[in-house]
Amino acid sequence: MSALRRKFGDDYQVVTTSSSGSGLQPQGPGQGPQQQLVPKKKRQRFVDKNGRCNVQHGNLGSETSRYLSDLFTTLVDLKWRWNLFIFILTYTVAWLFMASMWWVIAYTRGDLNKAHVGNYTPCVANVYNFPSAFLFFIETEATIGYGYRYITDKCPEGIILFLFQSILGSIVDAFLIGCMFIKMSQPKKRAETLMFSEHAVISMRDGKLTLMFRVGNLRNSHMVSAQIRCKLLKSRQTPEGEFLPLDQLELDVGFSTGADQLFLVSPLTICHVIDAKSPFYDLSQRSMQTEQFEIVVILEGIVETTGMTCQARTSYTEDEVLWGHRFFPVISLEEGFFKVDYSQFHATFEVPTPPYSVKEQEEMLLMSSPLIAPAITNSKERHNSVECLDGLDDITTKLPSKLQKITGREDFPKKLLRMSSTTSEKAYSLGDLPMKLQRISSVPGNSEEKLVSKTTKMLSDPMSQSVADLPPKLQKMAGGVARMEGNLPAKLRKMNSDRFT
């Protein structure tokens, strides 16, 4: 066993196959002769926990010239070792080149051989060889000015070279020193003090299944205009057969309500409510064992001290999402201040959480309550009828004053319509009808035409019956109707009497 581990390394574990069952079962040392070495599955991440993206660009071909067109950004994006190498190399080459130019001028004028002649005036005093020319350039470029080596007015080419040296030195200094300054002042290290929880959790919050993770700021300086976004990376196949290996879906963490704008003074718990619009609508505790996805979290803000934009990233794979867990509280009230305990920042504990997805919970709720759908339909129809009545009320208020006087009371049509709507709502279902009408409607052979004829007959008969035979409540109603008819004009009363005869 030790020989096998030395041969294959620690990235492999010993498993054995079971003839009675399916799958692979781990075996300890000495528990059977049939053993195999199976490599552990390493989850390939798109974004590491520290925010680094695992993407490499290859086969660029002629597109590499685009990096040279933006040379400053290319130098800033390089690693520090390459920046230092380019910094030292550029200054070394520039110094050697300019020292060579001064040596060439001295050589062509013959100053190297006549430097010790008393009455001879060289281009650069006390330059005898290449080292002395190099020292003269360094003294001039660094503005040291020891005073021993200096340029004279008998050398016009030396004056031109001196001007060129000053301009070239300023350009090199501005480019390289600016590049180093920008690289040192980048807010990438500011992201090191922005913390994300090691795991994300799924549990109930406010009666809804919610995906949650925690963010924190270790510094006392604030992140101005901090905003958080979440992306779900998951492979899928379109109905047309196209395979999308890294399809990006947006996870709503409060964009519609403004909850994505953070006041990051103390650790905050970011929530994504799982509903019908969420990509996790079908996710359950059982399906998480077979799903493969990655949640990328992006936190952006402006550093208060420098005013530069900072971005911190992390990601959670499916094995880093804990179902039925909740974060420990980290804020406590002390004497005069609030204390944050970062030792419990990543800690979670289990809470009762249904193992079903939101879709399954809604389906079970509909199956357990079959009357929910008819109730919803009735409520919609009643709402439409009320809207219709409100529209009719607006129409009646716009009638001429003569027609409103004919009705006797301006609110008469409104009350009459509401009474009719109320009776129609009461007679909507068969269970709300009186027992006699239920029996009539349940008898086979009674069609709607017979019911209509009986109803018209019942409406015509009460005109010949006496009011005394009615119950007291109906007598009061009949008296109210008689008073109402007495207020009507003669033409309308005649029309009503002709209608019932």
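Structure above, values below:
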quantity	calculated
Virtual spin-label span in nm between Q186 and Y146, 7 Å along Cα→Cβ	4.0 nm
Alpha-carbon gyration tensor eigenvalues x 5, square-rooted, for the range 169-325, Å	35, 21, 13
Computed Rg/Rh of the range 132-229, alpha carbon atoms with Kirkwood Rh	1.46
Order of exposure, largest accessible area first, which applies to Y91, Y146, Y316, Y67 with probe 1.4 Å	Y146, Y67, Y91, Y316
Where T309, T152 fall by accessible area, highest first, once all protein chains stay in place (1.4 Å)	T309, T152
Entries in K188/K231; K231/K277; K231/K339; K183/K234; K183/K231; K49/K231 that, when Cα-Cα distance is taken, lie over 23 Å	K231/K339; K183/K234; K183/K231
Two-site FRET efficiency, I177 against D70, from Cβ-Cβ distance with R₀ of 25 Å, rounded to 0.05	0.85
Stretch gain in nm, segment F87-S332, where the contour uses 0.36 nm per residue and the Cα spacing is subtracted	83.1 nm
Peptides 51-62, 75-86 ordered by average Cβ neighbours within 10 Å, highest first	75-86, 51-62
Pairwise label distance in nanometres, E240 with T269, each label 7 Å out on the Cα-Cβ vector	4.3 nm
Of all accessible heavy-atom area on the range 281-369, the percent that carbon and sulfur account for (1.4 Å)	53 percent
Other-chain or far-sequence residues with amide H under 5 Å of N217's (modelled H)	M195
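The values are calculated or read from the model by the stated rules, or taken from the named source; none is laboratory data. The model shown is predicted, which means the values in this text are computed figures rather than measured ones. No Cβ is skipped: glycine too gets one built from the backbone with ideal geometry, and neighbour counts run over all protein chains shown. Quick note on the areas: whole protein, heavy atoms, side chains included, nothing else; ligands and nucleic acids left out. Shrake-Rupley method; radii C 1.70, N 1.55, O 1.52, S 1.80 Å.
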